[in-house]
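> What follows is a structure written as structure tokens; I'll ask about it next.
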Amino acid sequence: MIEIATEVDLFHPPARIWRALTERALLAKWFVESTPQADRWVLATAALPGYDADTEVEVVELRTPERLVVRCREADRATRLACDLTATAHGTRLSVREVLEEGDWDADARAEQHEQALTGRLPAILDWLAFQEVDLRRAEGGLTAELPVVRLLGEASGRSRRRRTLVAAGVVTVLAGAAGAVLWAVWPTPPAPAAPAVSAPPLVMPSPTAASARPTSARPTPSASRRSPSPSPSASRSPSRTTSPTPPAVIPLTATYETVNDRVFGYRGEVVLANPGPTSRPEWTVTVTLGDGATVGSVSGAEAAQDGAVVTFTGDALPAGGSTTIRFDVRDPDPLHDGPESCAVDTTPCATS
């Protein structure tokens, strides 16, 4: 039986750590995304070191906010993971123990990934949660409390540092009941305005002109019988009106937004811009509204200018039927933000993928 164990002292209360382990939005920031599926949850661990596929998680034992035990299945591998939270004089001791029950694994790679999450990304989320509860007012004349600092248990004691493993983050997801909220509503692209119908000119009926006739003698003369009848003058038509061709309607550009990389304090966004019309579009503008305090970093595929929370992207002409991709990095002080508040191309809202 192979076992990976982790024990970390955190200067945070158990309730705060429990939130980071069990709320989907927080879990995704320091570990992975999770999706409910029937009576279990699926963690997107396939791309993480130490994992070969996504992990299905089933809760075995749950005592809030003290103990969480789950059974995890990843391809042909099955493990049992237990998380215990014990209050201490200065915070909480988090103990994580994962036991291999079926199959095989690269224990070193898996322990390395768990250690990075528990000693790096998890403390960042906990510090951010703690900051939300700090009262910066100094009505009592006291100094503002400093944010807690996370240290490893192994650093406090002289014992050799044990391999640490991350809680089967799957557990965390189980307790989250609601899915993450969409940052902005997805509006369908309005249909292109139809070209105005061209009315046909009215048909002008010919106005016949009566042929003048001379009175003839009642008694026909011999020569009269040999005369050919005089032809009636042909009726004239009024000239028909000509209409100038109506210019083709302008078909609006379309855009789709996607967050391609989500980090603790920021994300990478991607906008795919398309021109479905029959003519080239020499000018276009994509505007993105960020959260409070967020700033845009590196940008590819367009020129960017930020004014407050609004970032404006412009670029080269877009040919008929063509498309282009804009990628940009955002630094956001709120770790729960994983995308902008809104996105639009010209006046058309972006769709989301």
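> At 0.36 nm per residue, and after removing the present C-alpha to C-alpha distance, how many nm does the segment from Thr325 to Ala89 gain when stretched out fully?
This chain segment gains 79.7 nm when fully extended.
> Return the distance in nm (one decimal) between the two label points of a simple spin-label model at Asp76 and Asp262, each offset 7 Å from Cα along Cα→Cβ.
Reported label-point gap for Asp76 and Asp262 is 3.2 nm.
> While we're here: With a 1.4 Å probe and all protein chains left in place, how much of the accessible area of the range 22-141 comes from carbon and sulfur atoms, in whole percent?
Percent of accessible area from carbon and sulfur atoms in the range 22-141: 45.
> While we're on this one: Please calculate how many Å² of accessible area the range 1-60 carries per residue, with a 1.4 Å probe and no DNA, RNA or ligand atoms counted.
Heavy-atom SASA per residue in the range 1-60 reads 43 Å².
> To continue, here is another question. Hey, if we sort Thr347, Thr45 by accessible area with the 1.4 Å probe, largest down, what's the order?
Putting Thr347, Thr45 in descending order of accessible area: Thr347, Thr45.
> Another one. Using only the alpha carbons of the range 1-71, determine the length spanned along each of the three principal axes and report them from longest to shortest in whole angstroms.
33, 29, 24
> Could you go through the range 16-23 in sequence order and give the Karplus-derived ³J(HN,Hα) for each residue, using 6.51 cos²θ - 1.76 cosθ + 1.60 with θ = phi - 60°, rounded to whole Hz, and x for Gly and Pro?
With coefficients 6.51, -1.76 and 1.60, one gets 5, 5, 4, 4, 5, 8, 10, 8 Hz.
> Subtracting the Cα-Cα distance from 0.36 nm times the residue separation, let me have the gained length for Glu112 to Thr348 in nm, one decimal.
80.4 nm
> Full extension from Thr279 to Phe131: what is 0.36 nm times the residue separation minus their Cα-Cα distance, to one decimal in nm?
Residue separation times 0.36 nm, minus the Cα-Cα distance, leaves 48.0 nm.
> While we're here: In whole Hz and in residue order, list the ³J(HN,Hα) couplings for the range 87-98 that follow from phi through the Karplus curve 6.51 cos²θ - 1.76 cosθ + 1.60, θ = phi - 60°; x for Gly and Pro.
5, 10, 5, 10, x, 9, 9, 9, 10, 10, 9, 10
> Roughly to the nearest percent, how much of the accessible area of the range 298-353 is carbon and sulfur, given a 1.4 Å probe?
47
> Output the peptides 94-103, 24-33, 5-14, 313-322 sorted from most to least packed, where packing is the average of other Cβ atoms within 10 Å over each peptide's residues.
Result, highest mean Cβ count within 10 Å first: 24-33, 5-14, 94-103, 313-322.
The values are calculated or read from the model by the stated rules, or taken from the named source; none is laboratory data. Treat the numbers as computed from the prediction; the structure is a model and nothing was measured. Cβ coordinates were reconstructed from backbone atoms using ideal geometry, including for glycine residues, and neighbour counts include every protein chain displayed. Surface areas here come from the heavy atoms of the whole protein model, side chains and all, with no ligands, DNA or RNA. Shrake-Rupley method; radii C 1.70, N 1.55, O 1.52, S 1.80 Å.
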